[in-house]
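The values are calculated or read from the model by the stated rules, or taken from the named source; none is laboratory data. Keep in mind it's a predicted model, so treat the numbers as computed, not measured. Cβ atoms come from the backbone with ideal geometry, glycine included; neighbour counts cover every protein chain shown.
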Amino acid sequence: MSEIVKITEAAAYQIKDMMKEHEEENSYLRVGVKGGGCSGLSYGMGFEHEITEEDQVLEQHDMTILIKKEDAAILNGTIIDYKQSMMGGGFTIDNPNAIASCGCGSSFRTATNTGTPENC
């Protein structure tokens, strides 16, 4: 079985750096989806301190990643990377399930889940 979400080495390095900066070294990384954004769904990433029974747990790059079971199908096959450029850096999210996304790249929808689109 392939990973639901794959974190690249560059993204993992950046996430660990952020964990250290915010004194969250003992936290888990939560990757999720919520309604909103111009296309209907938005990605979310943050630090979490507890694993619940609704979570699927992944281990990558010496990090524990939590994904709610209800988000797994929407995120299946997603690659999270970190790109650095002269304008700064940022996370990129490549989701093979997204059939439409907005210009900002943080909002999307899938064939089976339109989310709750908002006016931008």
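Each row is one residue, and each column tells you yes or no for (1) exposed (fewer than 13 other Cβ atoms within 10 Å of the Cβ); (2) at positive phi; (3) small (Gly, Ala, Ser); (4) modelled with pLDDT of 90 or more.
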{"position": "50", "(1), (2), (3), (4)": "yes, no, no, yes"}
{"position": "56", "(1), (2), (3), (4)": "no, no, no, yes"}
{"position": "61", "(1), (2), (3), (4)": "no, yes, no, yes"}
{"position": "80", "(1), (2), (3), (4)": "no, no, no, yes"}
{"position": "111", "(1), (2), (3), (4)": "yes, no, yes, no"}
Please state which of the following conditions residue 80 fails to meet, knowing it meets all the rest: (1) farther than 22 Å from residue 3 by Cβ; (2) part of a strand (DSSP E or B). (1)
So the check is Cβ under 7 Å with 6+ separation or different chains; which pairs have a first residue in segment 1-15 that's at pLDDT 95 or above and a second one that's part of a loop (DSSP other than H, G, I, E, B)? 7/61; 9/61; 12/61
Residues of segment 19-70 classified as assigned to a strand (DSSP E or B) and of a type in the set (Gly, Ala, Ser), total: 5
Which numbered condition residue 74 fails, given (1) assigned to a helix (DSSP H, G or I); (2) under 17 Å from residue 7 (Cα atoms); (3) modelled with pLDDT of 95 or more: (3)
Tally the residues that are surrounded by 19 or more Cβ atoms within 10 Å (Cβ to Cβ) and modelled with pLDDT of 95 or more, restricting the search to segment 31-48. 1
Name every residue in segment 83-96 that is crowded, with 17+ Cβ neighbours inside 10 Å and either part of a strand (DSSP E or B) or at pLDDT below 85 (or both), in order of residue number. 91, 93
